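Asks: Sharing a structure here in C-alpha cells format.
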Amino acid sequence: MVEHRIIHIQAEAPAKPELGAPCNGCGVCCLLEPCPVGMLVSRRRRGTCRALLWSDEQARYLCGMVIAPQQFLPWLAPLLQPLAVRWARRLISAGKGCDAELQIQQPPASAD
Ligand code: SF4
Ligand code: SF4
C-alpha cells in the first residue's frame, strides 16, 4: 500500500532529483524521517530530522551532522568532531547520490 505523508518544505528548495543522481539538498528524505544518524540525534524514527539545516545562502538543505556536529553532540570533545563528521558522512552515504525512492506530489495551487 502507498503511504502518503505531508511535509513542509522551503519554497526555494531545489526539486528532488532522480534516484541515483547527485544529492542536491532538496531535503525531502530528511524532512520525512531521520536516517540512522539522524535517529540518534533526533531520538525518534519518524518526522523531520533535528539535524537538518536550511541554508539561505545556498538555497538548499544541509546535514548538520556533517557541517556542525558540535551543535547536535555538544558533549563531544572538539578533537573528536572530525571523526564524528567522517562517521556521519559514511553512514549517510554522502556523495553517493540520491537514494530516496519517493514520489513527490505538489499541493494544488491556491486560488487567489
Ligand atoms: S538524498 Fe535525495 S531526497 Fe535526500 S536530500 Fe539528497 S537529493 Fe534530496
Ligand atoms: S543526520 Fe543528516 S542526513 Fe541524516 S536525516 Fe539528519 S540531516 Fe538528513
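Asks: Looking only at segment 21-37, which residues are in a helix (DSSP H, G or I) and either in contact (Cβ under 8 Å) with a residue 40 or more places away in the chain or more than 9 Å from ligand 2 (Cβ to nearest atom) (or both)?
Replies: Going residue by residue through segment 21-37, those that are in a helix (DSSP H, G or I) are 28-32, 36-37.
Within segment 21-37, 28, 29, 32, 36, 37 meet the criteria.
Asks: Something else: Would you please name the residue that is nearest to ligand 1 (Cβ to nearest atom), looking only at residues in segment 44-56 that are closer than 11 Å to residue 72 by Cβ and in contact with a Pro (Cβ under 9 Å, 6 or more places away or on another chain)? Full working, then the answer.
Replies: Taking segment 44-56 and keeping what is closer than 11 Å to residue 72 by Cβ, we get 49-53.
If we keep only those that are in contact with a Pro (Cβ under 9 Å, 6 or more places away or on another chain) as well, we get 49-52.
Numbers: 49: 10, 50: 15, 51: 12, 52: 9 Å.
By that ranking, first place goes to 52.
Asks: Considering only segment 72-106, how many residues are surrounded by 13 or more Cβ atoms within 10 Å (Cβ to Cβ) and within 12 Å of ligand 2 (Cβ to nearest atom)?
Replies: Counting residues in segment 72-106 that are surrounded by 13 or more Cβ atoms within 10 Å (Cβ to Cβ) and within 12 Å of ligand 2 (Cβ to nearest atom) gives 12.
Asks: Looking at segment 59-73, I want the residues that are of a type in the set (Lys, Arg) and have a partner that is within 13 Å of ligand 1 (Cβ to nearest atom) and outside any helix (DSSP H, G or I) with Cβ atoms under 9 Å, at least 6 apart or on another chain. Which pairs are those?
Replies: Short answer, once both residue conditions are applied: 60/10; 60/13; 60/14; 60/24; 60/25; 60/26; 60/27; 60/54.
Asks: Which condition breaks for residue 62 when tested against (1) surrounded by fewer than 14 Cβ atoms within 10 Å (Cβ to Cβ); (2) within 11 Å of ligand 2 (Cβ to nearest atom)?
Replies: With respect to (1) surrounded by fewer than 14 Cβ atoms within 10 Å (Cβ to Cβ); (2) within 11 Å of ligand 2 (Cβ to nearest atom), residue 62 is out only on (1).
Asks: Just to be sure I understand, how many residues within segment 1-36 are within 13 Å of ligand 1 (Cβ to nearest atom), more than 17 Å from residue 103 (Cα to Cα) and among the hydrophobic types (A, V, I, L, M, F, W, C)?
Replies: 1
Asks: Out of all the residues in segment 1-46, which are at positive phi and charged (D, E, K, R)?
Replies: Result: 43, single match.
Asks: Would you mention how many residues in segment 15-43 are over 18 Å from residue 72 (Cα atoms) and of a type in the set (Lys, Arg)?
Replies: Of the residues in segment 15-43, 1 are over 18 Å from residue 72 (Cα atoms) and of a type in the set (Lys, Arg).
Readers should treat all values here as calculations from the given coordinates under stated rules, not as data from a laboratory. Just so we're clear, the structure is a prediction, and the values are computed from it rather than from any experiment. Every residue, glycine as well, gets a Cβ built from its backbone with ideal geometry; the counts of neighbours run over all protein chains shown.
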